[in-house]
Structures are given as C-alpha cells and as structure tokens.
Amino acid sequence: MRRVFYAGVALTTTAGIAEALARLAVAMSALGETDMITIPIVTEPAGTTATVQLLVGPGIPLLSMPLDHEDPEPDFSTDVTLLQMHRFYPYTQHDDGGSSVDGGEPDPWDPDLHG
C-alpha cells in the first residue's frame, strides 16, 4: 500500500495505482497538459474503498510513500490498467534497429533487395 499526498490531503491506495498515477503526472507535466483523473482509494479508518478525482498537471505536487497496512490490499488492477490507457500515459518505444541474431549489429540482409 502507498500513501499519496495531494493538495495537503493524504490518500491511501495500492502501489500499482500510486506508480501509474506518478508516471501519468510526470508525463502530463512534461507535455504541459492538465486533466481530471479518477483513482480508487481505501478510506480511513473504515477501510472501505471509494474513488477520488484529482486534477493532475504541471505545477501540481504529488508525493507517494510506502505505508504499512494490516488489512489485505484491495484489487485495483483494473483501475491501474485504466490509468495506463490514459491518452497521456507514457509508453516506451523499443527500437531495436532491425533483427539481430547474436544481439550485436542488426542483420543488413533485406529480402526485398536480395531476393
């Protein structure tokens, strides 16, 4: 579990949500974009789940830190996936430069040119 601090309020959520939210916040700040994001939280002290809406973008501080939590962690995996599907969520583009058999230089053979 993680404690996320936003606008002077401490929110409790899963590590997956906290990580996806942080990655999205960094990307949105870099792009100069702002959006309203909905995330699931665990309410204190009842331990029930709820959702909150956060305004995420440049200049809006966000802090996430580990939290010792006795109760079982809720399954927010679907919500993590939804955050990762956000249009500003960063994706790493892997450009391996072509195929390579031994992990060295790309194979220069091109079937269109060499028959």
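Once the C-beta distance of I60 and Y89 is scaled by a Förster radius of 22 Å, the resulting FRET efficiency is 0.85 to the nearest 0.05. Taking label points 7 Å from Cα along the Cα-to-Cβ direction, L67 and A10 give a separation of 0.8 nm. Inter-label distance, V52 to T38: 1.6 nm, where each label sits 7 Å from its Cα along the C-beta direction.
Among 40-49, 24-33, how do they line up by average Cβ neighbours within 10 Å per residue, starting with the highest?
Details: 40-49: 13.0, 24-33: 15.6.
The densest-packed peptide leads the list: 24-33, 40-49.
Values quoted throughout were computed directly from the atomic coordinates according to the rules given, and no laboratory measurement underlies them. For clarity, every value in this text was computed on a predicted model and none was experimentally measured. Here the Cβ is made from the backbone with ideal geometry for all residues, glycine too, and neighbour counts use every protein chain on show.
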